[in-house]
């Protein structure tokens, strides 16, 4: 009877630890999401004054002034510089506004999960008292052995618990990193299609009439770049929960700025998309390297998890065998 009771207490305490570890990881995610939301909010407030969305910018006006500047200058002039800066800020802000809405929703959804973890801290404390009470009825010689094994098992159990949660989050991070690469490959396809269909040339010839960023290959390419950013952020949200491995990814914002810089130069300098394609190709290469590092980190983690799981099983059997072998005599 005492053996079954102690086994039952150990298993219930283990279940409590699993739930509490999950809750700790979720709170890490919420802290990250709130910090990210605050940064994006600060950026929007600092930059949005007088800045419109990308598809509402005065491209026709810019085109006329930049053309006049190029007729009298060998290098791009001040109008070009101001317009380029406004173009980049507008492109980033479009992404930031979408990101803020998504972050607010994710915070609400994540926080709604906390109710399912209520009471496990108190339950674990009750079980700890029950365990002490049960052991107080066992002979001191056996208690010493059981406590030594129990402490060893608890340490291994906590490590196994932590590695298990790491594996879950790292698997998710690799999934989003894979999608990040896929989105950029889609962006490349749309940019190449735009180059082949002369989207930029036709737009310039029509004196920038209409919107290049709506219902066009260029617009779809920008959407894919934003989608790649979104998946990189989702990967980061998972990586902040990984505590037993050090794996970091480069920030996304510089990549988005490089894409917008190249796109603006391609539109208003050459009417081609060579710079944009080069930036996208370079980003794909860097993203694939990052994905490969993430996959290796994940595989290494899973190997350690398997070893720890075997140690955990062995200790649990020893713990049960020690109790059975000594029949847990009462004091």
> Quick check, is residue 240 within 30 Å of residue 311 (Cα to Cα) and either surrounded by 19 or more Cβ atoms within 10 Å (Cβ to Cβ) or in contact with a helix residue (DSSP H, G or I) (Cβ under 8 Å, 6 or more places away or on another chain) (or both)?
Replying inline: yes
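A quick yes/no check of all residues on (1) part of a helix (DSSP H, G or I); (2) at pLDDT 95 or above; (3) in contact with a strand residue (DSSP E or B) (Cβ under 9 Å, 6 or more places away or on another chain):
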| position | (1), (2), (3) |
| --- | --- |
| 167 | yes, yes, no |
| 177 | yes, yes, no |
| 184 | yes, yes, no |
| 194 | yes, no, no |
| 201 | yes, no, no |
| 207 | no, no, no |
| 219 | yes, no, no |
| 230 | yes, no, no |
> When residue 282 is evaluated against the numbered criteria (1) assigned to a helix (DSSP H, G or I); (2) at pLDDT below 95, which criterion, by number, is the only one it fails?
Replying inline: (2)
> Can you name the number of the only condition in (1) in a helix (DSSP H, G or I); (2) free of Cβ contacts under 8 Å to residues at least 60 places away in the same chain that residue 26 fails?
Replying inline: (2)
> Pairs under 7 Å by beta carbon, first residue under 16 Å from residue 270 (Cα atoms) in the stretch 192-211, partner at pLDDT 85 or above and loosely packed, with under 15 Cβ neighbours inside 10 Å, six or more apart or different chains?
Replying inline: 207/60; 208/60
>> residue 259 - would you say it is at pLDDT below 90, over 30 Å from residue 6 (Cα atoms) and surrounded by 21 or more Cβ atoms within 10 Å (Cβ to Cβ)?
In response: no
>> So residue 300 passes all but one of these: (1) surrounded by fewer than 18 Cβ atoms within 10 Å (Cβ to Cβ); (2) modelled with pLDDT under 95. Which condition number does it fail?
In response: (2)
>> Considering only the stretch 76-84, I want to know if a residue exists there that is closer than 30 Å to residue 12 by Cβ and either modelled with pLDDT of 85 or more or surrounded by 13 or more Cβ atoms within 10 Å (Cβ to Cβ) (or both).
In response: no
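The values are calculated or read from the model by the stated rules, or taken from the named source; none is laboratory data. None of these values were measured; they are calculated from a predicted model. So basically every Cβ, Gly included, is an ideal-geometry build from the backbone, and we count neighbours across all protein chains shown.
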